Amino acid sequence: RARCEGPNNVRLCTAEMNRQVMDRLRLEGELRAAVERREFTVHFQPKVDVAEGRATGVEALVRWQRPGGRLEPPGAFIPMLEKTGLIVPAGRWVLEEACRRMMEWRRRGLPPLALSVNLSGRQFAARNLVEMVADCLQATGFPPGELVLEVTETMAIRNLEANLQVFNRLRGLGVRIALDDFGKEYSSFGYLKQLPVDELKIDRAFLANVPADREGAAILRAMVAMAHALNLKITAEGVETGEQWAFLKEVGCDEAQGFLFGHPEPPEALEAVLVRSAAPPGEPSAAPAGKAPLH
Ligand code: C2E
Ligand code: MG
Ligand code: MG
Ligand code: MG
């Protein structure tokens, strides 16, 4: 950036800006094609009940399979999908695809799991979000009461008035709402009173150095108490160590997600894990990722 400053560097700066604009235009073009050709795929990460030590749900996390190229993580393309509005058709595809997979697993006799799907602010602003969700549930047969829609705290609070209505209409369908990345920006406890939500997902930054980090541990403990006092379910994100898991058990956190139990995996890989954990008792059942502290 420094080389963009000063009158002598104006041309360099312009070249750099041109390159950035070209990169963005190319990405936008590629993403338009990706939406049309359905180059996206949904990975699933298990969500574990802390008290029972078993998977009770999954979170759907989108990936972009570039034709003949890399599998891109959401950070590489969600911002552009949002900027262009392409997140509306892409997000619809993700929800439908995730519901379809879940129903397929159910039909094959795998234990029924809840499904969490992320929504972006742009989808909320779209007029027909509630209809879209209702259509999707109807088309796939996925039970509304087992669908959790995740919205970030930041997004929920921006446009609070308009969002309140949408939240209420979604809950009218029987769908649950989770506040994702809670505490990442505001930790706005005051809003929790107003927001019709069912679940808090604590941003993984809070857990990062727990239990060694005494203040972090104290905050987490207080968040669990607060969530329960407000009748909210509380989920910890980013559980990577046995110590973090033990801490969450001790403070009574409801659910947990993280590499300790499983990375986001393509459906086939997650299915293999589910089949193993659905094996009749007595049979050796491998824990997800081979190291999850189940039981
Ligand atoms: P998120 O909803 O908070 O999802 C959790 C992210 O944390 C995922 O990253 C997941 O892979 C990662 N993660 C899970 N466990 C651990 C752990 O133990 N340690 C660490 N370090 N990370 C962990 P991912 O898949 O890259 O997704 C990033 C974000 O992209 C998501 O954050 C979500 O905000 C967004 N996203 C993903 N899929 C969708 C989608 O279909 N629609 C929308 N609008 N956003 C999506
Ligand atoms: Mg999420
Ligand atoms: Mg999150
Ligand atoms: Mg996040």
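The values are calculated or read from the model by the stated rules, or taken from the named source; none is laboratory data. Just so it is clear, the model here is predicted, and its values are computed rather than measured. Quick reminder, even Gly has a Cβ in these numbers, built from the backbone with ideal geometry, and neighbours come from all protein chains shown.
Only one of (1) within 12 Å of ligand 1 (Cβ to nearest atom); (2) in a helix (DSSP H, G or I); (3) over 13 Å from the mean Cα position of the chain (by Cα) is not met by Trp64, so which one is it? It is condition (2) that Trp64 fails. For the range 260-270, state whether one or more residues are closer than 18 Å to Glu153 by Cβ and within 16 Å of ligand 2 (Cβ to nearest atom). No; the residues of the range 260-270 include none that is closer than 18 Å to Glu153 by Cβ and within 16 Å of ligand 2 (Cβ to nearest atom).
Name the residue that is surrounded by the most Cβ atoms within 10 Å (Cβ to Cβ), counting only residues in the range 156-186 that are within 16 Å of ligand 3 (Cβ to nearest atom) and of a type in the set (A, V, I, L, M, F, W, C). Among those that are within 16 Å of ligand 3 (Cβ to nearest atom) and of a type in the set (A, V, I, L, M, F, W, C), it is Phe182. Applying the set (1) modelled with pLDDT under 95; (2) hydrophobic (A, V, I, L, M, F, W, C); (3) within 16 Å of ligand 1 (Cβ to nearest atom); (4) part of a helix (DSSP H, G or I) to Ala292 leaves exactly one unmet item: (4). Which one is farthest from ligand 3 (Cβ to nearest atom) among residues in the range 125-155 that are within 19 Å of the chain's Cα centre (by Cα) and of a type in the set (D, E, K, R)? Looking at the filtered set, the residue picked out is Glu146. Selection over the range 184-228 of residues that are more than 16 Å from ligand 4 (Cβ to nearest atom) and farther than 30 Å from Gly174 by Cβ gives a count of 14. Being within 16 Å of ligand 3 (Cβ to nearest atom), under 30 Å from Val42 (Cβ atoms), in a loop (DSSP other than H, G, I, E, B) and free of Cβ contacts under 8 Å to residues at least 40 places away in the same chain is not true of Gly258.
Residue-by-condition table, conditions (1) of a type in the set (S, T, N, Q); (2) exposed (fewer than 13 other Cβ atoms within 10 Å of the Cβ); (3) within 16 Å of ligand 4 (Cβ to nearest atom):
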| position | (1), (2), (3) |
| --- | --- |
| His43 | no, no, yes |
| Gly53 | no, no, no |
| Thr56 | yes, no, no |
| Leu61 | no, no, yes |
| Gln65 | yes, no, no |
| Gly68 | no, yes, no |
| Glu72 | no, no, no |
| Pro79 | no, no, yes |
| Thr84 | yes, no, no |
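The single residue among Gly91, Gly29 that is in a helix (DSSP H, G or I), surrounded by 12 or more Cβ atoms within 10 Å (Cβ to Cβ) and either modelled with pLDDT of 95 or more or among the small types (Gly, Ala, Ser) (or both) turns out to be Gly91.
Residues in the range 209-252 that are assigned to a loop (DSSP other than H, G, I, E, B) and either aromatic (Phe, Trp, Tyr) or under 18 Å from the mean Cα position of the chain (by Cα) (or both) were compared, and the one that is surrounded by the fewest Cβ atoms within 10 Å (Cβ to Cβ) is Glu240. Anything in the range 118-139 that is within 16 Å of ligand 1 (Cβ to nearest atom) and out of contact with any Leu (no Cβ under 9 Å at 6 or more places or on another chain)? List them, or say none. Hits for the range 118-139 are Gly121, Phe124, Ala125, Ala126.
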